[in-house]
1. If you roll a 1.4 Å probe over the chain with all protein chains in place, what percent of the accessible area is carbon or sulfur?
2. Subtract the Cα-Cα distance of T163 and D203 from 0.36 nm times their separation in residues, and report this length gain in nm to one decimal.
3. Determine the per residue accessible area of the chain with all protein chains present and a 1.4 angstrom probe, expressed in square angstrom.
4. Below 8 Å between Cα atoms, with a sequence gap of 6+, how large is the relative contact order for the chain in percent?
5. Subtract the Cα-Cα distance of R211 and R177 from 0.36 nm times their separation in residues, and report this length gain in nm to one decimal.
6. Let me have the relative contact order for the range 63-176, percent, based on Cα pairs under 8 Å that are six or more residues apart.
7. Going by accessible area, probe 1.4 Å, with all protein chains left in place, what is the ranking of Y86, Y157, largest first?
8. With every protein chain left in place, what is the accessible area of I90 in Å² (1.4 Å probe, nearest 10)?
Amino acid sequence: MDVVVLDDAEAVAAYVAALVLDAVVREPELVLGVATGATPLPVYRALARGSGDFSRVRVVALDEYVGLPAGHRGSYTEYVSQEIAYPLGIHPGNVVMPWGSGAELERRITELDGVDLQLLGIGRNGHLAFNEPGSPLDSRARVVELTESTRAANAAYVDPVPTHAVTQGLGTILDARELVLLATGTVKARAVSAALTGAVTPDCPASVVQRHPRVTVVLDAAAASMMAPWQTSSGWSARAW
Ligand code: PGA
């Protein structure tokens, strides 16, 4: 696992945007797994300011609320459309959003021959996509109930926050060929530390990334503040300590 710690959220966004751009230059038809939420927003905005050619890129989202009407501003379908597809010039037909029971999402990902590069955020309770604590580490795409803490954290963006969502499972996420997890702010420090330095356990779903052979974690100093330098010394390359 490659853990990169940078000064602030702006530096994290620039770093991750460069990783994505490199991947698209290498593979113009990249299957890019996108995380939604506040953390990756500056990444998409940085990409939109650049001159990368995303015209052949395919995009797959991690999750979506259940029950929001089409076009709802708080839906991730709108987020992906307004913040990613439109600004980057990605054809709407090349965007896969989760819906239904989750089986359709698995089928679409298989049709695309899997996700090449998956961007991930992390919840303050350690959730990954909408896999809340207790999610099986080999779970597949499915409908889940959201915890109160997740609903409270997301209330600023959609009100009321739906009670359920359809999400890629932890097993689905692990099938991606490469993972990039980003986190910023002290509010994420505890979850980051548990996920990266604790046991791999359903209690902290994001800990499952430790099982993936190709992971880059990009943190700002605040999100890394509960990890000590020695925790990155064995087998990890911590470039910025
Ligand atoms: P955030 O969400 O980027 O809005 O903090 C991340 C998550 O809950 O996975």
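The values are calculated or read from the model by the stated rules, or taken from the named source; none is laboratory data. Everything numeric in this text was worked out from a predicted model, so none of it was measured. Cβ coordinates were reconstructed from backbone atoms using ideal geometry, including for glycine residues, and neighbour counts include every protein chain displayed. Areas reflect the complete protein model, heavy atoms only, side chains present, ligands, DNA and RNA absent. Shrake-Rupley method; radii C 1.70, N 1.55, O 1.52, S 1.80 Å.
1. Solvent-exposed carbon and sulfur of the chain make up 53 percent of the total.
2. Working: separation 40, 0.36 × 40 = 14.40 nm, distance 2.01 nm.
This chain segment gains 12.4 nm when fully extended.
3. Spelled out: the 1.4 Å probe surface of the chain, per residue, equals 44 Å².
4. 27
5. Once the chain is fully extended between R211 and R177, it gains 11.0 nm.
6. Relative contact order, the range 63-176: 33 percent.
7. Largest accessible area first, the residues go Y86, Y157.
8. 10
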